[in-house]
Amino acid sequence: MTRFVNNVKTAVLLAAMFGLILLIGAQFGQRGLAIALILGGLGNIFAYFFSDKIALAAMRGEEVDERTAPDLIAMVRRLATNAGLPMPRVYICPQAAPNAFATGRNPRHAAVAVTRGALQLLTYDELEGVMAHELSHVKNRDTLISCVAATIAGAISYLGYMAFWFGGSSDREHGHPLVGLLMLILAPIAAALIQMAISRSREFVADADAARVAGTPMGLVSALRKLEATARRIPLQNEIPAQNHMFIVEPLTGHSLTKLFSTHPPTEERIARLLELA
């Protein structure tokens with residue numbers, strides 16, 4: 001029941017984002033609406049086929065196999081079998097900051113990646129919990145949902161800039177500059193909030209599924225504590241901030257503008273929910 005409610009919530013949020021992009025596009029008349037539809041459609045197609053390559057390239061991930069990382073490969077294969085998934089590609093990223101992520105448009109084209117910092121920091125059981133979490137994102141199609149949300153949010157921001165320059169109209173002479181200014185400010189904020197809500201809700205489900213895949217929540221609980229504490233000292237300098245949602249803990253842990261825009265729920269809350277499962 002929880003999974004069903006979460007999926008309905010995600011569908012509603014995605015529909016809200018798409019409705020927002022159409023609303024902004026409609027301010028420019030039929031031409032603007034067509035541009036909005038094309039931007040959203042092309043962006044989603046691009047994200048569907050290339051989001052994994054972009055993410056792995058940004059993190060400078062190198063694919064590993066039984067020869068180069070036998071223990072990691074054996075772990076991922078066993079967890080993938082437990083989750084009923086095909087074996088994904090496995091990557092190791094050179095960053096010292098401990099973190100991990102999953103990417104790919106579906107389970108047959110999925111990849112999981114972990115940084116060298118995480119491999120050095122985490123015990124076997126902790127790493128197992130982390131990889132089970134990432135495989136749960138693959139199983140639940142969260143990687144595709146996240147990249148679609150990010151693409152639509154980007155298109156909304158672009159249309160916000162258009163609204164600013166054209167005053168909320170396809171005609172500069174009839175557009176109102178205040179309308180354009182409001183769209184420039186409010187539209188990207190609304191898109192970001194919806195995107196954050198999608199990411200947060202799906203983290204809880206992935207945590208719970210990871211506990212079932214690994215057989216216990218305790219490895220992930222311990223890993224989250226370590227990752228949260230270490231990320232504050234060794235922040236991950238991600239070259240594409242829009243991809244922050246895909247990591248197991250949010251890379252940017254400094255005192256940012258507000259927790260309202262955090263892509264992840266509070267780690268303490270995630271741990272509390274996992275301990276309830278134990």
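The values are calculated or read from the model by the stated rules, or taken from the named source; none is laboratory data. Predicted model only: the values in this text are computed from it and were never measured. Ideal geometry is used to build each Cβ from the backbone, glycine not excepted, and the neighbour counts take in all protein chains shown.
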Residues in segment 226-241 that are surrounded by fewer than 15 Cβ atoms within 10 Å (Cβ to Cβ) and at pLDDT below 75 total 4
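Every residue, every condition in (1) in a helix (DSSP H, G or I); (2) crowded, with 22+ Cβ neighbours inside 10 Å; (3) charged (D, E, K, R), yes or no:
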| position | (1), (2), (3) |
| --- | --- |
| Arg60 | no, no, yes |
| Glu66 | no, no, yes |
| Arg77 | yes, no, yes |
| Gln120 | yes, no, no |
Any residue at all in segment 129-148 that's acidic (Asp, Glu), more than 19 Å from Thr263 (Cα to Cα), out of contact with any His (no Cβ under 8 Å at 6 or more places or on another chain) and assigned to a helix (DSSP H, G or I)? no
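Within segment 117-138, how many residues turn out to be touching a Pro at 6+ places or on another chain (Cβ under 6 Å) and under 15 Å from Val64 (Cβ atoms)?
First, pick out the residues of segment 117-138 that are touching a Pro at 6+ places or on another chain (Cβ under 6 Å): 117-118, 121, 138.
Add one more test, that the residue is under 15 Å from Val64 (Cβ atoms), and what stays is 118.
The total comes to 1.
Take segment 100-109 and flag every residue that is in a loop (DSSP other than H, G, I, E, B) and either surrounded by fewer than 22 Cβ atoms within 10 Å (Cβ to Cβ) or modelled with pLDDT of 95 or more (or both). Steps first, answer last, please.
Going residue by residue through segment 100-109, those that are in a loop (DSSP other than H, G, I, E, B) are 104-106.
Those that are in a loop (DSSP other than H, G, I, E, B) and either surrounded by fewer than 22 Cβ atoms within 10 Å (Cβ to Cβ) or modelled with pLDDT of 95 or more (or both): Arg105, Asn106.
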